[in-house]
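Please read the structure below before turning to the comments.
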Amino acid sequence: MSYVARDDRPVDKAARYLEVEAEILAVLDGEPNIVARMATVSSMLSDAFEDFFWTGFYVVDPGKDRELVVGPYQGTLGCLRIAFGRGVCGAAAETGQTQIVDDVHAFPGHIACDGRTESEIVVPVFDASGALIAVFDVDATRRSAFDGVDADALERLLGKVFG
């Protein structure tokens, strides 16, 4: 699948991620607030890829043991809380590994926050000390929308923004 850059030229997905990464890093330069950083990442990635209909963060809740709470996002109503190990987001939090799900309906324990979701990628977000601070969730309305290109690009971007 090809994507369109801001100047309307077609680019491949990896190239589009590099462009968006540069834009996000430029906007965030000097901004220390984590909520502002999360909101910016969610907003800019949501706008950058046609397949992304929900983009957002589930933040580790320091007041609850092994629980995520919804953070900044773009899209329809998200789940408010997700336990570690539950659903795709909980699996990413539990394992510390990116989860790519081609068909969410076949994923054991999938949490259907929006019935239009067909595929999903969830990337764990770590701070500079290596502690899990959140997961970044992207949903698509078509199956098999995500692959290793998405995983590599999102892991790299989130590492630069929050690491």
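So the values come out like this:
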read-out: Near pairs, Cβ below 8 angstrom, 6+ apart or cross-chain, from the range 131-152 (over 13 Å from PHE53 (Cβ atoms)) to any residue that is in a loop (DSSP other than H, G, I, E, B); value: LEU132/GLY96; ILE133/ASP127; ARG143/ASP102; ARG143/ASP103; ARG143/GLU118; SER144/ASP102; SER144/ASP103; ALA151/THR98
read-out: Selection from the range 72-91 of residues that are in a loop (DSSP other than H, G, I, E, B) and either open to solvent by 40 Å² or more (accessible area, probe 1.4 Å) or modelled with pLDDT of 95 or more (or both); value: GLY75, THR76, LEU77, LEU80, PHE84, GLY85, ARG86
read-out: Single residue of the range 92-131 satisfying the filter (farther than 23 Å from ASP61 by Cβ and out of contact with any helix residue (DSSP H, G or I) (no Cβ under 8 Å at 6 or more places or on another chain)) that is surrounded by the fewest Cβ atoms within 10 Å (Cβ to Cβ); value: PRO108
read-out: Residues being in contact with a Cys (Cβ under 8 Å, 6 or more places away or on another chain) and at pLDDT below 95 - total across the range 55-69; value: 0
read-out: Residue that is nearest to TRP54 (Cα to Cα), among those in the range 84-100 that are hydrophobic (A, V, I, L, M, F, W, C) and free of Cβ contacts under 8 Å to residues at least 40 places away in the same chain; value: ALA91
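The values are calculated or read from the model by the stated rules, or taken from the named source; none is laboratory data. If you're wondering where the values come from, they're calculated on a predicted model, not measured in any experiment. Please note: Cβ atoms are built from the backbone with ideal geometry, for glycine as well, and neighbour counts cover all protein chains shown. When the accessible area is computed, the model is the full protein with side chains, heavy atoms only, and any ligands, DNA or RNA have been set aside. Shrake-Rupley method; radii C 1.70, N 1.55, O 1.52, S 1.80 Å.
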